[in-house]
1. For Cα pairs less than 8 Å apart in space and 6+ apart in sequence, what is the mean separation divided by the residue count of the chain, i.e. the relative contact order in percent?
2. With a cut-off of 8 Å between alpha carbons and a minimum separation of six or more residues, what is the relative contact order of the stretch 108-236 in percent?
3. Roughly how tilted is helix 117-139, in degrees to the nearest 10 and between 0 and 90, from the longest Cα axis of the chain?
4. Report, to the nearest 10°, how far helix 160-203 tilts away from the longest principal axis of the Cα atoms in the chain, using its own Cα long axis and a range of 0 to 90°.
5. Considering only protein heavy atoms and a probe of 1.4 Å, how much of the accessible area of the chain is carbon and sulfur, as a whole percent?
6. Between the stretch 208-252 and the stretch 151-174, how many Å separate their Cα centres?
7. Based only on Cα atoms, what mean projected area does the convex hull of the stretch 103-142 have, in nm²?
8. Can you give me the angle between helix 54-73 and the longest principal axis of the chain, using Cα atoms only, in degrees from 0 to 90, rounded to the nearest 10?
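The values are calculated or read from the model by the stated rules, or taken from the named source; none is laboratory data. A quick note: this is a predicted structure, and the numbers were derived from the prediction, not measured. Accessible surface is based on the protein model in full, side chains and every heavy atom, while ligands, DNA and RNA are left aside. Shrake-Rupley method; radii C 1.70, N 1.55, O 1.52, S 1.80 Å.
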Amino acid sequence: MKQFMLEPLFGSESWELAGFNIAFTNSALWMAITVLLLWAFVAGGMKRELVPGRWQMAVESFTGFIDDMLEANVGKAGRKYVPYIFSLFMFILFANLLGLLPIGVFGVHPFTFTSHFTVTGVLAILSFSIVLIVGFWRHGLHFFSLFVPHGTPLWLIWLIPVIELISFLVRPFSLALRLFVAMMAGHVLLKVLSSFVIDSVNAGPVFGGFIGIPSFVLMVAISALEILVAGIQAYVFALLTSLYINDAENLH
């Protein structure tokens, strides 16, 4: 499980602020790298040329994809959330893909910080906070009617709101857990298969042929699957966030 361990960098293990350790870790480093690469990707695609190049087309395609998703789930009011959902989607996508790199940067091994529940939890709480702020800002106390679905029988009016409230409060937890589990499980599986390959090579050619080769082939296939999962999980996180925003925007 060493690949998930937080390690202080640049001699920062002794950094403290108000009694709390604020060491600059490998997780923080890869977050910074992700932000820089995302900024460079967007900046490079904002040339607004009449005949767009591939880079500009890539940025516009991702932006259009998020815009279409928000319009389908939220409506015209969803357009103002495009910058946030786009940033959220691309940040998670870049983070997931960078964690699959086979080589390190400046001697630091790639670190998938989305495999930590603290990171995915903060992203989920941020999205959930936006839903609450928008909901109470637009509807005031009428926002609580979200917990009483239209057509609820009077004899269930005491039970349904409780169930709906619990379901609503579980949303940020399930949102964070889904991404965290998917990233962690995939990396653990790759680690196990790679250990099979290494052990089989050390055991000799006969054992290596029966165990090592199939493990290596499966490892390559799962690596390709992980690339797909990286995109799917970023999409699911952005999609569910847009659906939660729809509850706040289009409350009936």
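1. Working: 254 pairs, mean separation 56.4, N = 252.
Relative contact order comes out at 22 percent.
2. Relative contact order here is 27 percent.
3. Around 10 degrees separate the two axes.
4. 10 degrees
5. Working: 11050 of 14790 Å².
The value for the chain is 75 percent carbon and sulfur by accessible area.
6. Centre-to-centre (Cα) distance: 29 Å.
7. 4.1 nm²
8. Taking Cα atoms only, the helix is inclined about 40 degrees.
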